Amino acid sequence: MIFIKKQFRRSDPFVIQEGSIKSRKLKRDLGAWELEQPSSSFSGKKETIGRSFDVNKIFKINLALLLFFGFILGRAGWLSIARGGYYHELAEGNRIRVERIEAKRGVIYDRFGRPLVRNSANFLLYFVPADLPKDKIEQKKIIQRVSEYLGNIKPDEIVDSLVKIKSGSLESYQPLFIADNIDYEKALALYLAADIMPGVILTNKTRREYNLFSLSLSHILGYTGKINEAELTKFGQEYLPIDYIGKTGMENFWENEMKGLNGKKQIEVDALGKEKKIINQAAGQDGHNLVLSIDIELQKKLAEAVISALQKLRLNKACAIALDPNNGEILAMVSLPSYNNNDFARGLTQAEYASIAEHPDQPLFNRCIAGEYPSGSVIKPVVAAAALEEGIINENTSFNSAGGIKIDQWFFPDWKAGGHGYTNVRSAIANSVNTFFYYIGGGYQDFTGLGLDRMVRYEKLFGLDAQTGVDLLGEANGFLPSKEWKETTKGERWYIGDTYHLAIGQGDLLVTPLQVADYTAVFANGGSLYRPHLIKQVLNHQDQLIGEVENKPIRSNMVSAKNIEIVRQGLRQTITQGSAQSLQDVVVSVAGKTGTAQWSTVKPPHAWFTGFAPYDKPQIVITILIEQGGEGSAVAVPIAQEVLDWYFSRK
């Protein structure tokens with residue numbers, strides 16, 4: 001092809017003159033592209049088109065582009081495959097969410113069906129951080145507004161909670177607790193305002209209200225409170241940060257049964273995070289109801305009697321237990337001083353909590369199960385049973401109580417000056433004769449006693465030095481000393497005097513009041529040790545029976561029926577001719593044992609009584625401890641008399 005040259009006026013200096021292409025091709029020469037033209041064109045000179053880049057750089061450019069697009073494709077693949085589920089969940093969370101349908105918490109009844117707790121309305125406010133405005137100014141306005149509505153929470157407190165949550169994380173879609181127990185008027189105002197505040201939710205949860213016939217019920221029932229971070233970590237996905245959980249007492253021990261199973265609903269939310277419609281839902285299951293073994297009227301009477309005695313003595317600390325010796329059911333449990341668990345369910349300020357928790361009398365401390373005390377003489381029935389069973393003595397064996405015994409320069413006294421004269425096992429129990437128990441515990445002169453190991457072995461068989469297994473947390477083990485323990489702890493060897501002290505319930509021996517009540521039941525029922533318990537039945541939410549507690553003994557026949565009966569007779573003589581004769585005035589026959597436990601060289605001893613009634617067919621064991629009360633016969637016995645009289649007169 002030949003390009004035809006056009007003619008232009010030479011007067012136009014900006015027009016390029018062209019001729020025909022001679023060779024019809026571009027010829028590469030010395031790195032330039034040369035266009036061959038007729039010699040007449042452009043004054044007969046060759047025209048060249050120069051390149052502005054190095055052709056070798058094309059490879060580098062292509063490589064860079066390849067790496068760039070490779071990175072983009074790899075990143076897209078990683079986001080869609082490796083993290084696809086995460087971002088899909090976030091995206092769907094903007095539109096469709098799954099929320100819980102909270103199960104109704106089960107209630108608690110006493111043994112006769114009287115309700116001890118109910119669920120009441122509790123207005124709770126929380127944020128969904130992901131739904132809050134992204135604009136910091138708008139977010140600040142919402143926080144300020146919420147703070148003004150509540151009145152008792154500063155904006156900075158809310159901000160401090162929010163900054164801990166990473167934006168866009170799954171946690172940002174979880175509820176963030178702001179406030180609970182909101183007054184009705186404030187709740188109503190917040191409800192109306194929250195409708196136009198994105199991420200702000202007012203909900204109605206339940207708060208426990210306890211029907212306290214007696215404040216002493218607080219140690220038994222316990223209370224629920226807002227779940228803390230440690231509990232959230234421990235229980236995983238079962239709870240949300242706005243949930244309540246059993247903290248102490250039955251509320252804690254039976255948490256799984258009472259909390260129920262939550263349902264679920266799938267909802268669609270709008271741009272403000274508010275529910276638009278329910279897409280799907282699955283119902284949950286309300287929590288189980290509990291029937292306790294507690295007789296609320298007996299609980300109330302026992303507490304009143306102990307409180308009255310404390311007021312007369314100007315003391316504050318005591319505990320008392322009543323249980324059924326035939327199955328281990330606890331009928332009443334009183335620990336004083338107590339506290340009001342409704343205050344904890346409502347929520348306490350730090351100052352209010354500190355005033356209770358740091359009180360010198362420890363009102364939160366359940367002395368019945370966690371208090372550890374020297375037993376004093378209430379241990380003597382167990383030592384007597386061990387000596388009878390081991391053949392150390394028989395029912396007729398007697399020793400002369402002349403006021404005590406002497407070992408070298410050490411004197412171990414009777415409580416009665418001059419002693420009790422010749423005493424057998426029944427009268428030794430009835431009159432709490434120390435000399436008799438020095439003999440059978442540690443031996444004297446040519447008489448061989450049980451010794452430390454056998455005495456400890458039987459005391460363990462009767463439930464000491466171990467938890468009873470009651471359905472409350474915080475139970476103590478008590479303590480039985482050993483030679484090895486003393487050598488390791490005190491750097492001293494075991495002396496015969498230590499064995500004597502152990503035989504009368506002094507020295508390093510420690511028991512809980514519940515342990516004493518439990519082994520007293522062994523003598524009441526003829527030889528079986530039961531696990532004491534507070535639960536009697538479990539019902540569904542419609543109060544239909546699901547299950548009952550099996551009342552099987554932990555162990556039986558630790559001691560023969562004959563030897564149990566001998567000890568029982570001694571316990572009966574305590575009332576007919578011994579240290580608790582005032583109990584003869586009770587409308588039924590009573591058996592029991594008094595105790596006076598030394599624990600300090602400068603403070604009064606603890607006062608004990610433990611016993612059962614009626615003697616022939618026991619229905620109740622009662623155990624009483626008055627801290628620093630003095631003589632058990634003078635302080636604890638009158639309480640038992642008042643309560644037992646009331647109990648059997650009522651029947």
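Read-outs: derived from the displayed coordinates by stated rules, not from any lab. Keep in mind it's a predicted model, so treat the numbers as computed, not measured. Cβ coordinates were reconstructed from backbone atoms using ideal geometry, including for glycine residues, and neighbour counts include every protein chain displayed.
Observations
- Calculated SAXS-style log₁₀ I(q)/I(0) at q = 0.06, 0.10, 0.11 Å⁻¹ - the chain, Debye, Cα scatterers: -0.51, -0.95, -1.05
- Förster radius 22 Å - calculated FRET efficiency between LYS140 and GLU171, Cβ distance, rounded to 0.05: 0.55
- Segment 96-292: relative contact order in percent, alpha carbon pairs under 8 Å with at least 6 residues between: 35
- Along the axis of the charge dipole computed for the chain (Cβ charges of +1 for Lys and Arg, -1 for Asp and Glu, origin at the Cα centre), the listed residues TRP254, ILE392, ASN204 are led at the positive end by ASN204.
- When each of TYR191, TYR500, TYR184, TYR439 is scored by the number of other beta-carbon atoms lying within 10 Å, the sequence from fewest to most is TYR184, TYR191, TYR500, TYR439.
- Rotationally averaged projected area of segment 257-349 (alpha carbon convex hull; nm²): 11.2
- For segment 425-516, the square roots a ≥ b ≥ c of the C-alpha gyration tensor eigenvalues yield an a/c of 1.5 or more together with a/b not exceeding b/c, which makes the shape oblate.
- In a reduced charge model with +1 at each Lys and Arg Cβ and -1 at each Asp and Glu Cβ, segment 226-279 shows a dipole moment near 220 debye about its Cα centre.
- Mean separation of Cα contacts under 8 Å, 6 or more apart, over the residue count of segment 299-650: relative contact order %: 21
- Selected from LEU298, SER377, GLN467, residue furthest toward positive end of dipole (the chain; charges at beta carbon): GLN467
- The Kirkwood hydrodynamic radius of segment 532-594, based on inverse pair distances between different Cα atoms, is 15.2 Å.
- Rounded to 10°, Cα long-axis angle of helix 561-576 versus longest principal axis of the chain: 70
- Angle in degrees between helix 296-313 and the longest Cα principal axis of the chain, rounded to the nearest 10: 70
- Projecting the alpha carbon convex hull of segment 299-650 along each direction and taking the average yields 20.0 nm².
- When you filter the GluC sites (Glu not before Pro) in segment 329-392 for DSSP loop state and at most 13 other Cβ atoms inside 10 Å of their Cβ, you are left with GLU358.
- Size of electric dipole in the chain: Cβ of Lys, Arg +1 and of Asp, Glu -1, about Cα centre, debye, nearest 20: 3820
- Once the Cα atoms are used to define both axes, helix 513-525 deviates from the longest principal axis of the chain by about 50 degrees.
- Cα-based shape type of segment 96-292, given that a ≥ b ≥ c are square roots of the gyration tensor eigenvalues and the cut on a/c is 1.5: prolate
- Using C-alpha pairs below 8 Å separated by at least 6 residues, the relative contact order for the chain is 12 percent.
- Legend: ranking of residues ARG568, ARG457 from fewest to most surrounding C-beta atoms inside 10 Å; resulting order ARG457, ARG568.
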